[in-house]
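Inspection log for the structure reproduced underneath, given as structure tokens.
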């Protein structure tokens, strides 16, 4: 708080003292009380271990959509704690735990299973917590609107994850989600479009440049090749070659061209496998880039220099 006041408004001095006990900021040069009755937001106790802090703390963990009750619910004892009890007390609390699980609603039961699957797929794809939280929020809204009926839980989970990845600019292909979830690529795409349309979620088209770093890392290409491929993509976007084409295909083709220019030869099969597209797609996008951006001349120059 003392940092908010840089100097004394009376004498212009910077020799200020923040008295935490009295909640005042005083100028040591002229004695002016600059601030008074300041609120102390720090905790009013000391903690010497984690158990001491948890016992005195008056607030719990933050709300999260990755739990079916958003982290606000309570649970009747843990099994390890209940086993310490004896006779009737133990039976009573086990009975309470059983009834607590029985009185949960259909939505809660669905969310329990679905969010466990969501965490599994998210962990497999190594997605950040922000994406996991957003996908859990999308799935929860879908369940509350009744959008899960008639569809498998796994496909809606995969669709929500793909939507969250697109919203947070975390590039993951439908093929990767299909492999992680065990659902067909077409089914995930269909569910993703349905959920985003019904929930009114606006998602911008993927930027091909977002995929370059991942593809280049998988193909073990240099930083110069990555920079060149991004430069090629920028030229392609200005020439409107990226519109109406799959972002993974155009990104893979740009990386393939850049690799050839820098003498890091990779086969079309290798690039296609990493990008999750066919060799025909790579070949078509490659020809378009060479013809429209006149890259064939630059490619020949690079090859000529290396021969010399």
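The values are calculated or read from the model by the stated rules, or taken from the named source; none is laboratory data. Quick caveat: nothing in here was measured; it's all calculated off a predicted structure. Using ideal geometry, Cβ is built from the backbone for each residue, glycine included, and neighbour counts are taken over all protein chains shown.
So is residue 227 surrounded by fewer than 20 Cβ atoms within 10 Å (Cβ to Cβ) and in a loop (DSSP other than H, G, I, E, B) or not? No; evaluated as a whole, the condition is false for this residue.
Could you say whether any residue in the range 286-296 is within 21 Å of residue 173 (Cα to Cα) and at pLDDT below 90? Within the range 286-296, one or more residues are within 21 Å of residue 173 (Cα to Cα) and at pLDDT below 90.
Here is the figure for the range 190-218: residues that are in contact with a helix residue (DSSP H, G or I) (Cβ under 6 Å, 6 or more places away or on another chain) and part of a helix (DSSP H, G or I) total 12. Residues in the range 195-213 that are crowded, with 17+ Cβ neighbours inside 10 Å and more than 18 Å from residue 134 (Cβ to Cβ): 208, 209, 211, 212. In the range 1-37, which residue that is surrounded by fewer than 12 Cβ atoms within 10 Å (Cβ to Cβ) and not in a loop (DSSP other than H, G, I, E, B) is modelled with the lowest pLDDT? My answer is 3.
Could you tell me whether any residue of the range 95-108 is touching a residue at least 40 places away in the same chain (Cβ under 8 Å), surrounded by 14 or more Cβ atoms within 10 Å (Cβ to Cβ) and within 22 Å of residue 182 (Cβ to Cβ)?
no
Taken together, the criteria place residue 269 among residues that are at pLDDT 90 or above and either closer than 15 Å to residue 285 by Cβ or not in a loop (DSSP other than H, G, I, E, B) (or both).
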